[in-house]
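Engineer: The structure that follows is given in the form of structure tokens.
The values are calculated or read from the model by the stated rules, or taken from the named source; none is laboratory data. Computed from a predicted structure; not experimentally measured. Backbone-built Cβ (ideal geometry, glycine too); neighbour counts: all protein chains shown. All accessible areas refer to the heavy atoms of the entire protein, side chains included, with ligands and DNA or RNA removed. Shrake-Rupley method; radii C 1.70, N 1.55, O 1.52, S 1.80 Å.
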Amino acid sequence: ASAQFQLAVPVAVVFAPGSVPGDLPRPLPFRDVQEMEISVNLRTSITSRYETVYRSTTAQEETALDAATAREADAALRPLQDASLGSVTVYVVPETSSLLPQGVSIYVGKHRSALVRAGGGLAALRTRIRQLTQVMSFTASSIATALSDRVPDGQLSPDARRHLKSSLGYEITFSLLNPDPKSHTVDWDIEDAVNRYVQPVLDKLSLVANFSVDSQILYYAVLGVTPRFDKESSSFLLSAHSLPHVINPVEARLGSSAASLYPVLNFLLYVPERSHSPLYIQDKDGTPVSTNAFHSPRWGGIMIYNVEAPASPQASLPLHVDVDMVRVMEVFLAQLRLLFGLSREELPAEFLLESPGNEGLADWELDRLLWAHTVENIATVSTTLTSLAQLLDKIGNIVIKDDVASEVYRAVASAQSAMAKLAMGHLHSAFQASKEAVTSSERAFFDPSLLHLLYFPDDQKFAIYIPLFLPMAVPILLSLAKIVREARQRKKEPTKMD
């Protein structure tokens, strides 16, 4: 199905005193719209519209910009700006401003605003603002990734298949694998770690989807690959090419994804058995991986946690191990961000991005996720309804119930509403409408009244009834053949004349 997306980003460019370029086309405040085409394929076109308002600072904003550091200014400006999802506020500060560190001309805060050093004319400022809006909202590649099913493979970035598909919910499972309980008694305070490090991130992402978190400890679960012993370092090594073979045997033991409605993210902490300790992961070049962890696209991550050998060989077994959860959670959260496509891209040196702190992701990173997921949801609905229409065309004797029809109408209306809201720059309501559209289209597609027809097509009827009728048909057919033979025989024999 073809789709024409219009993504409108509301941008406010606010000039502090002493930062207004001399070549403005007209006096402040004024509006300006810039459009950019993002090519996806012949049937899907995307136009991004940056609707910019240029104005001067208010007295409150000036006071906020008098802060000592950019971080303090960012916090003070937050209550004064447009907090609606998807909006970007850019504060232009004088060239001599000490708010921005030396060599930094663009500072991105952890909310929805940024500070930009004035310098050059309006054209130079516009270039910086374009760079900035692409960091804070979406780029051609982030939208192409969201539409990865419609984009020719050659045009996708290598990361495109790494991100999780948009879903209404996700299940996160933390598993501790202790293959050698005779040697190690392992304690991990996963509940506290989840509450402290994972929950703030999930609270922030709760707008995107529902999350459920569980944890388990598995004993005698081993990696499917035998590590190689390295004499030099007297340690065991897992090479990069053997890592894919590690997952399958472990996954067979996890057993959570089979019963799940939603995608499952697995985070595994593996304490190697004594006979394979210490165990290190090597990358493609043969250098050890600093985190001793790796992740698998759309599946999760595994971290290897080495236990220090006891000082005296006579130490009684099993050894008691207390897992350092801070170190572990740092790795798992980084992997979680990667799986959601929130990894920070390489930016020019003049960019400074504020760390999101305990929340795990900045407000604008959430917006970035919502832009991509909204577009992906609308594309998914379009594909689902097209498939449904094609299926129903193939089945001649189908009866479509009213509630299926109303779900289809609702899905179409919600998808159209989401497209309209995107074109108006209302990201939050567009995303909500796109989620409703996905729910309705899936309800229609998987409706029980259609399912049995989808799985019971005409050729299947023949397959079922032929074995029943064939035994009865054989004697009937043989009798018919005999009658035909006899009739022919009778024609051939001339009638006797007396």
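Engineer: Taking region 206-233, which residues are polar (S, T, N, Q) and touching a Pro at 6+ places or on another chain (Cβ under 9 Å)?
Structural biologist: The answer is Ser233, and nothing else.
Engineer: Within region 88-105, restricting attention to residues that are over 12 Å from Ala70 (Cα atoms) and surrounded by 21 or more Cβ atoms within 10 Å (Cβ to Cβ), which residue is nearest to the chain's Cα centre (by Cα)?
Structural biologist: Once the filter is applied, the top-ranked residue is Val88.
Engineer: Kindly indicate whether any position in region 68-83 is at positive phi, of a type outside the set (Phe, Trp, Tyr), touching a residue at least 60 places away in the same chain (Cβ under 8 Å) and not in a helix (DSSP H, G or I).
Structural biologist: No, because not a single residue in region 68-83 is at positive phi, of a type outside the set (Phe, Trp, Tyr), touching a residue at least 60 places away in the same chain (Cβ under 8 Å) and not in a helix (DSSP H, G or I).
Engineer: All but one of (1) without any contact (Cβ under 8 Å) to a residue 60 or more places away in the chain; (2) open to solvent by 60 Å² or more (accessible area, probe 1.4 Å) hold for Ser242; state the number of the condition that does not hold.
Structural biologist: (2)
Engineer: Further, regarding this structure: Of the conditions (1) touching a Leu at 6+ places or on another chain (Cβ under 7 Å); (2) part of a helix (DSSP H, G or I); (3) farther than 30 Å from Val11 by Cβ, Ile398 satisfies every one except a single condition; which number is it?
Structural biologist: Every listed condition holds for Ile398 apart from (2).
Engineer: Working only within region 123-133, note down all residues that are open to solvent by 30 Å² or more (accessible area, probe 1.4 Å) and touching a strand residue (DSSP E or B) at 6+ places or on another chain (Cβ under 9 Å).
Structural biologist: From region 123-133, those open to solvent by 30 Å² or more (accessible area, probe 1.4 Å) are 123-124, 126-128, 130-131; that's our starting set.
Selection gives Arg126, Arg128, Arg130, Gln131.
Engineer: Exactly one condition in (1) part of a loop (DSSP other than H, G, I, E, B); (2) at pLDDT 90 or above is false for Glu330; which is it?
Structural biologist: Among (1) part of a loop (DSSP other than H, G, I, E, B); (2) at pLDDT 90 or above, the lone unmet condition for Glu330 is (1).
Engineer: From the list Val213, Val225, Val208, Val194, which residue is outside the structural domain of His373 (by the TED database), free of Cβ contacts under 8 Å to residues at least 24 places away in the same chain and either small (Gly, Ala, Ser) or touching a Phe, Trp or Tyr at 6+ places or on another chain (Cβ under 9 Å) (or both)?
Structural biologist: Criteria check complete, one pass: Val194.
Engineer: Go through the residues of region 238-256 one by one and say whether even a single one is part of a strand (DSSP E or B) and at pLDDT below 90. Working first, answer last.
Structural biologist: Residues of region 238-256 that are part of a strand (DSSP E or B), as a first pass: 238.
Next, only the ones that are at pLDDT below 90 stay: 238.
Yes, because at least one residue in region 238-256 is part of a strand (DSSP E or B) and at pLDDT below 90.
Engineer: Sticking with this structure for a sec: Return a yes/no flag: does region 326-333 have any residue that is over 30 Å from Val208 (Cα atoms) and touching a residue at least 24 places away in the same chain (Cβ under 8 Å).
Structural biologist: No, that holds for no residue.
Engineer: Right, another one. Of all residues in region 106-116, which are surrounded by 21 or more Cβ atoms within 10 Å (Cβ to Cβ) and not aliphatic (A, V, I, L, M)?
Structural biologist: Listed by number, the residues that qualify are Tyr107, Gly109, Arg112, Ser113.
Engineer: Please state which of the following conditions Leu202 fails to meet, knowing it meets all the rest: (1) farther than 27 Å from Asn306 by Cβ; (2) touching a helix residue (DSSP H, G or I) at 6+ places or on another chain (Cβ under 8 Å); (3) open to solvent by less than 30 Å² (accessible area, probe 1.4 Å).
Structural biologist: (2)
Engineer: Something else: Select from region 268-323 the residues that are open to solvent by less than 30 Å² (accessible area, probe 1.4 Å) and among the hydroxyl-bearing types (Ser, Thr, Tyr) and write down the one among them that is modelled with the lowest pLDDT.
Structural biologist: Top of the filtered list is Ser296.
Engineer: Looking at Glu61, Glu72, can you tell me which residue is open to solvent by less than 60 Å² (accessible area, probe 1.4 Å) and at pLDDT 90 or above? Break it down into steps so the answer makes sense when it comes.
Structural biologist: Details: Glu72 fails: open to solvent by less than 60 Å² (accessible area, probe 1.4 Å).
After applying the criteria, what remains is Glu61.
Engineer: Could we say that Gly120 is in contact (Cβ under 8 Å) with a residue 60 or more places away in the chain and crowded, with 22+ Cβ neighbours inside 10 Å here?
Structural biologist: No.
Engineer: I'd like to verify a number: residues in region 194-234 that are of a type in the set (Gly, Ala, Ser) and modelled with pLDDT under 90, how many?
Structural biologist: 4
Engineer: Does Val33 satisfy the criteria of being in contact with a strand residue (DSSP E or B) (Cβ under 7 Å, 6 or more places away or on another chain) and open to solvent by less than 10 Å² (accessible area, probe 1.4 Å)? Spell out how you get there, then give the answer.
Structural biologist: Numbers: in contact with a strand residue (DSSP E or B) (Cβ under 7 Å, 6 or more places away or on another chain): yes; open to solvent by less than 10 Å² (accessible area, probe 1.4 Å): no.
No; evaluated as a whole, the condition is false for this residue.
Engineer: Do you know which residues across region 422-449 are open to solvent by 40 Å² or more (accessible area, probe 1.4 Å), in contact with a helix residue (DSSP H, G or I) (Cβ under 7 Å, 6 or more places away or on another chain) and over 29 Å from Leu392 (Cβ atoms)?
Structural biologist: Selection gives Ser429 alone.
Engineer: Could you grab the pairs with beta carbons closer than 6 Å, sequence gap of 6+ or different chains, first residue in region 40-66 and free of Cβ contacts under 8 Å to residues at least 24 places away in the same chain, second one open to solvent by 20 Å² or more (accessible area, probe 1.4 Å)?
Structural biologist: Listed pairs, sorted by first residue: Gln60/Leu80; Ala64/Ala76.
Engineer: Something else now. Using the structure shown, decide if Val116 is touching a Ser or Thr at 6+ places or on another chain (Cβ under 6 Å) and in the same structural domain as Arg55 (by the TED database). Please lay out each step first, then the result.
Structural biologist: Values: touching a Ser or Thr at 6+ places or on another chain (Cβ under 6 Å): no; in the same structural domain as Arg55 (by the TED database): yes.
Criteria not met by Val116.
Engineer: Could you check region 450-461 and list, in sequence order, the residues that are modelled with pLDDT of 70 or more and either surrounded by 10 or more Cβ atoms within 10 Å (Cβ to Cβ) or within 31 Å of the chain's Cα centre (by Cα) (or both)? Explain how you work it out, then say what you get.
Structural biologist: Kept after step one, since they are modelled with pLDDT of 70 or more, are these residues of region 450-461: 450, 459-461.
The answer is Leu450, Gln460, Lys461.
Engineer: Could you look through region 180-234, keep only residues that are part of a loop (DSSP other than H, G, I, E, B) and of a type in the set (Ser, Thr, Tyr), and pick out the one that is nearest to Leu361 (Cα to Cα)?
Structural biologist: Only one residue fits best here, namely Ser206.
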